[in-house]
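Comments concern the structure below.
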Amino acid sequence: QVQLVESGGGLVQPGGSLRLSCVASESIFYFNAVGWYRQAPGKQRDMVATITSGGTMDYGDSVKGRFTISRDVAQNTVYLQMNSLTPEDTAVYYCKGTRWPNHFWGQGTQVTVSS
């Protein structure tokens, strides 16, 4: 069974940084793409950043220039480096692996940006 496990969330002050990790039970290349999504209370789940098996990256408009997605193939891990955080970044962050036509979600990790 494919599993994705997120970690690295927490409480951070505005302007601070966090790095999230998503460890997969399979090789990163098992997936067509791996991405980070977030969901704030009362809002829909939105794409934050994705990386394809070929290395193509994409970002949501609200995080461009502040967040960076990367991967460590040897560790089966995808990272999300988040800089210049604002309260609007507060949400549960989920990792998703896509191997068409299936999607696999992690359990999520809470990120709270507050002073």
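The residue of segment 89-101 that is farthest from G16 (Cα to Cα), among those that are surrounded by fewer than 16 Cβ atoms within 10 Å (Cβ to Cβ) and touching a residue at least 40 places away in the same chain (Cβ under 8 Å), is W100.
Looking across segment 1-50, the residues that are among the aliphatic types (A, V, I, L, M) and over 13 Å from F67 (Cα atoms) come down to V2, L4, V5, L11, V12, V23, A24, I28, A33, V34, A40. L85 fulfils the conditions (1) open to solvent by 50 Å² or more (accessible area, probe 1.4 Å); (2) in contact (Cβ under 8 Å) with a residue 24 or more places away in the chain; (3) not in a strand (DSSP E or B) except for a single criterion, (1). Could you tell me whether any residue of segment 47-58 is open to solvent by less than 50 Å² (accessible area, probe 1.4 Å) and touching a residue at least 60 places away in the same chain (Cβ under 8 Å)? No, that holds for no residue. Among the residues making up segment 32-41, those that are over 13 Å from the mean Cα position of the chain (by Cα) and either assigned to a strand (DSSP E or B) or at pLDDT 95 or above (or both) are N32, A40. Considering only segment 61-76, how many residues are part of a strand (DSSP E or B) and either among the aromatic types (F, W, Y) or farther than 13 Å from T50 by Cα (or both)? Number satisfying all stated conditions: 2. The set of residues in segment 1-32 being farther than 23 Å from V111 by Cα and of a type in the set (A, V, I, L, M, F, W, C) consists of V2, I28, F29, F31. Yes or no: segment 99-110 includes at least one residue that is part of a strand (DSSP E or B), under 14 Å from L4 (Cβ atoms) and touching a Gly at 6+ places or on another chain (Cβ under 6 Å). Yes, segment 99-110 has at least one match. Within segment 19-38, can you find the residues that are more than 16 Å from D58 (Cα to Cα) and open to solvent by 30 Å² or more (accessible area, probe 1.4 Å)? Result: R19, V23, S25, E26, S27, F29, Y30. Return a yes/no flag: does segment 65-80 have any residue that is within 14 Å of the chain's Cα centre (by Cα), in contact (Cβ under 8 Å) with a residue 60 or more places away in the chain and open to solvent by less than 80 Å² (accessible area, probe 1.4 Å). So far as segment 65-80 goes, yes, one or more of its residues are within 14 Å of the chain's Cα centre (by Cα), in contact (Cβ under 8 Å) with a residue 60 or more places away in the chain and open to solvent by less than 80 Å² (accessible area, probe 1.4 Å). Residue pairs whose Cβ atoms lie under 6 Å apart, sitting 6 or more positions apart in sequence or on different chains, and linking a residue in segment 4-30 that is at positive phi to a partner that is of a type in the set (S, T, N, Q) and modelled with pLDDT of 95 or more, are G8/S21.
The values are calculated or read from the model by the stated rules, or taken from the named source; none is laboratory data. What you see is a predicted model, and the numbers here were worked out from it, not measured in a lab. All Cβ positions, glycine included, derive from the backbone under ideal geometry; neighbour counts span all protein chains shown. Please note that ligands, DNA and RNA were not included when accessible areas were found on the heavy atoms of the full protein model with its side chains. Shrake-Rupley method; radii C 1.70, N 1.55, O 1.52, S 1.80 Å.
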